[in-house]
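Please treat every number below as a calculation from the coordinates, not as lab data. Because the structure is predicted, anything quoted here is derived from the model rather than measured. Cβ atoms come from the backbone with ideal geometry, glycine included; neighbour counts cover every protein chain shown.
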2 protein chains.
Amino acid sequence: MRNRQVVLASRPRGPVKESDFRMVEAEVPALQEGELLTRVHFLSLDPYMRARMDDARSYAAAQRLGEVMIGGTVAEVLESRNPRFRPGDKVVGMAGWQEYQVTDGSMLRKIDTAAIPASAHLGCVGMPGVTAWYGLTRIGKPRPGETVLVSAAAGAVGSVVGQLARILGCRAVGIAGGKAKCEHVVGELGFDACLDHKAASFPEDLRAATEKGVDVLFENVGGAVLDAALSRMNPFGRVAVCGLIAGYDGQDIALRNVRAILVDRLLVQGFIVSDHPQVWPQALQELAAHVAAGRIRWRETVAEGLESAPRAFIGMLRGENLGKQLVRLVREAAAAGPRGGAPSPG
Amino acid sequence: MRNRQVVLASRPRGPVKESDFRMVEAEVPALQEGELLTRVHFLSLDPYMRARMDDARSYAAAQRLGEVMIGGTVAEVLESRNPRFRPGDKVVGMAGWQEYQVTDGSMLRKIDTAAIPASAHLGCVGMPGVTAWYGLTRIGKPRPGETVLVSAAAGAVGSVVGQLARILGCRAVGIAGGKAKCEHVVGELGFDACLDHKAASFPEDLRAATEKGVDVLFENVGGAVLDAALSRMNPFGRVAVCGLIAGYDGQDIALRNVRAILVDRLLVQGFIVSDHPQVWPQALQELAAHVAAGRIRWRETVAEGLESAPRAFIGMLRGENLGKQLVRLVREAAAAGPRGGAPSPG
């Protein structure tokens with residue numbers, strides 16, 4: 001059986017190019033006792049992968065050249081010599097950018113796709129959802145009536161941050177790139193406001209939308225947008241630093257408003273959700289309940305076929321996606337219907 | 001009775017000039033029931049006063065033009081119509097840059113100058129000491145064996161930070177401006193190392209002195225020195241932002257190494273010690289015990305006479321002082337003998 005894989009061909013210099021990836025084929029090995037074979041249905045594309053492509057020191061080891069690209073996946077068990085898994089089981093894991101995986105199952109988590117669609121286990125009831133949950137509740141610690149500001153608000157993480165903030169009784173204000181995304185964030189996701197950072201009126205829009213200041217900032221972007229947000233913080237505000245996508249290609253994302261940290265006695269904390277495995281069960285349970293009750297909605301952008309992954313990834317880094325960016329590897333796999341809209345083509 | 005006072009004459013544009021201050025004279029009013037008259041022995045000069053001279057938004061209201069400059073003081077009670085105070089009592093308060101003050105006593109704290117010299121109540125057993133204690137123990141939370149790095153290590157706050165870190169079983173590394181300060185910090189205060197940020201070899205010196213990385217950074221300066229320090233942080237390091245003196249005259253102190261906050265999951269927290277009155281009793285008690293036991297040593301730079309305050313303040317902002325910068329207003333008042341050296345002239 002042939003297993004198509006996308007490997008890292010070269011480390012990007014500046015923006016990622018399709019030629020930084022290479023498609024290869026490998027044999028699927030025979031199963032040993034205790035192993036199982038899975039077929040990937042959905043591959044998750046996430047900003048953290050960009051950092052892994054560099055060899056700069058990061059929180060995770062750099063991806064090796066020639067190695068299959070890392071990535072979260074939903075897969076189906078095809079064969080099993082492991083008593084914990086049976087053919088037909090759906091599992092979340094880290095199979096990466098490939099069609100099949102043989103593992104011992106130790107890193108796999110069985111999921112129930114009856115209540116929550118398979119693809120959502122890579123989104124608002126998966127790593128991005130737990131990321132939102134952790135940064136908001138454990139670092140941001142918002143109190144009812146406070147204002148929560150989140151950048152990249154139309155993305156997989158940001159969209160959950162704002163909806164959780166609303167559930168917690170807060171005012172949720174998003175920042176996103178472009179009018180369409182802002183309309184989606186307010187109209188479909190129910191944020192109180194969303195500001196287009198590409199608009200000339202962004203500074204005034206931000207001021208108007210945060211009249212009482214900002215108590216919690218959930219930062220995914222960095223750079224000028226972060227400086228603008230810091231200027232709106234209330235005393236004793238909390239800033240959860242989740243991502244700095246504005247600097248992933250080596251851009252200068254200097255933070256100029258350092259004075260705000262002192263003057264407003266801010267708490268600024270970087271975090272990586274994988275450092276906190278102990279919160280995942282509670283977070284996933286709460287997120288699943290919110291999804292089941294319709295309190296959390298989401299959108300997906302789905303690219304078709306493994307070969308489309310590099311282009312979809314590059315598009316995501318450019319902000320071309322709306323909501324969770326996925327790659328569907330099996331044509332019959334059903335992506336989650338977004339409540340209120342069909343999945344956009346990748 | 002004539003009361004000489006130094007008032008704010010103009011808001012500085014760039015570096016503070018002596019002409020930004022003006023000496024005036026006022027009558028000392030007669031005491032009302034409940035009031036007392038104090039004579040200032042020592043005036044404390046501290047970096048926070050620089051921020052108060054601007055009218056930019058800050059954590060404290062800007063100093064008004066023509067108003068007596070704010071400042072912590074040790075004073076002696078001359079007359080009292082308040083049953084809590086008797087002539088001869090020594091008190092710590094905020095009389096500001098003047099010779100006499102009439103108050104209702106509500107903001108005064110009686111001190112014992114037998115065990116702790118009067119001037120030290122403005123230094124390591126006063127506001128700067130509590131600042132060091134709070135930032136280190138409540139934000140930095142160092143564990144034995146960890147490395148604590150502190151900038152402006154020869155200053156009133158930094159010198160206590162490093163000595164407390166040593167008491168807590170940590171490696172204490174200072175950063176200071178110039179060879180003489182660094183020698184003092186290591187030789188007299190007992191830090192494990194101190195690095196001259198003006199030296200060409202500073203980056204390598206910093207690396208060599210923090211071979212195991214930095215777990216706690218106590219930041220008083222900002223700018224390039226902060227960026228250099230951030231590059232040495234260990235994962236899950238804590239950064240207590242106490243001051244940003246490099247930017248007080250409007251200089252660009254952009255933080256370029258924002259990535260470290262995310263990659264190393266740092267906690268960066270600004271603080272102002274006056275926000276935390278509940279810790280003062282415990283902190284002062286511990287600091288006094290350390291001083292009495294000889295575990296905390298200090299140095300003072302003492303300027304003579306109220307008229308010398310502006311020049312001494314400007315010198316402090318330039319880093320010309322060693323240790324706590326004071327102004328002695330009463331010639332017979334005894335400054336604390338530094339253990340191991342005489343007070344430098346201001």
Worksheet item: What value does the stretch B:127-274 have for Rg/Rh, both radii from Cα atoms and Rh as Kirkwood defines it?
Response: 0.92
Worksheet entry | Label 7 Å beyond Cα on the Cβ vector: A:ARG22 copy-to-copy distances, nm | 7.7
Item to complete: Provide, for q = 0.20, 0.21, 0.27 Å⁻¹, the log10 of I(q)/I(0) from a solvent-free Debye sum over equal Cα point scatterers in the stretch B:284-332.
Response: -0.74, -0.77, -0.89
Worksheet item: Taking neighbour counts of Cβ atoms within 10 Å as a proxy for exposure, in what order, fewest first, do A:THR301, B:THR38 appear?
Response: A:THR301, B:THR38
Response to the item:
In this structure, the FRET efficiency calculated for B:LEU31 and B:ARG11 from their beta-carbon separation, with R0 = 30 Å, to the nearest 0.05, is 0.30
Worksheet, complete the sentence: Volume per residue (Å³) of the convex hull spanned by the alpha carbons of chain B is 129 Å³
Worksheet item: Using only Cα atoms, what is the ratio of the radius of gyration of the stretch A:179-220 to 2.2 N^0.38 Å?
Response: 1.17
Response to the item:
Between the residues B:THR73, B:PRO87, B:LEU267, the Cα farthest towards the positive end of the dipole of chain B, that dipole coming from +1 and -1 charges on the beta-carbon of Lys, Arg, Asp and Glu, is from B:LEU267
Fill in: B:ARG2-B:ARG207 FRET efficiency (beta carbon distance; Förster radius 41 Å; 0.05 resolution)
0.10
Worksheet entry | Free-standing Cys, chain A [no other Cys Cβ under 4.7 Å] | A:CYS124, A:CYS170, A:CYS242
Fill in: Mean-position separation - Cα centroids, the stretch A:100-135 and the stretch B:133-161, in angstrom
42 Å
Response to the item:
When A:ILE296, B:ILE245, B:ILE272 are arranged by how many other beta-carbons sit within 10 Å of their Cβ, fewest first, they go B:ILE272, B:ILE245, A:ILE296
Discussion item. At a 10 Å Cβ-Cβ cut-off, how would you order B:GLU286, A:GLU332, B:GLU211, A:GLU183, fewest neighbours first?
Written reply: A:GLU332, B:GLU211, A:GLU183, B:GLU286
Response to the item:
Other residues with Cβ under 15 Å from the Cβ of B:PRO87 give, with Lys and Arg +1 and Asp and Glu -1, a net charge of +2
Worksheet item: Which residue, A:ALA336, A:ALA118, A:ALA199, has the most motion in a Gaussian network model of chain A that connects Cα atoms within less than 10 Å?
Response: A:ALA199
Discussion item. Distances in nm, one decimal, shortest first, from B:SER274 to the same residue in every other copy, taking the label point 7 angstrom along Cα→Cβ.
Written reply: 4.6
Worksheet item: Sorted from shortest, what are the nm distances separating the label point of A:ALA62 from equivalent points in the other copies, each placed 7 Å from Cα along Cα to C-beta?
Response: 4.9
Discussion item. Please compute the modelled spin-label separation between B:VAL24 and A:GLU18, points set 7 Å along Cα→Cβ, answer in nm with one decimal.
Written reply: 7.5 nm
Worksheet, complete the sentence: Semi-axes in Å, largest first, for the protein assembly as shown (Cα gyration tensor, √(5λ)) are 57, 26, 21
Fill in: Selection from B:GLY213, A:ALA152, A:GLN278, by position along the positive dipole direction of the protein assembly as shown (Cβ)
A:GLN278
Fill in: Förster radius 60 Å - calculated FRET efficiency between A:ALA289 and B:ASP249, Cβ distance, rounded to 0.05
0.65
Response to the item:
Contact order relative to length for chain B, counting C-alpha pairs under 8 Å separated by 6 or more residues, stands in percent at 17 percent
Worksheet item: Over all residues in B:270-276, what is the mean tally of Cβ atoms on other chains that come within 10 Å of each residue's Cβ?
Response: 4
Worksheet item: What nm value, rounded to one decimal, do you get for the distance between B:ALA56 and A:ALA334 when each label is placed 7 Å out toward the C-beta?
Response: 5.8 nm
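What does the convex hull of the Cα atoms come to per residue for the stretch B:1-81, in Å³?
Dividing the Cα hull volume of the stretch B:1-81 by its residues yields 116 Å³.
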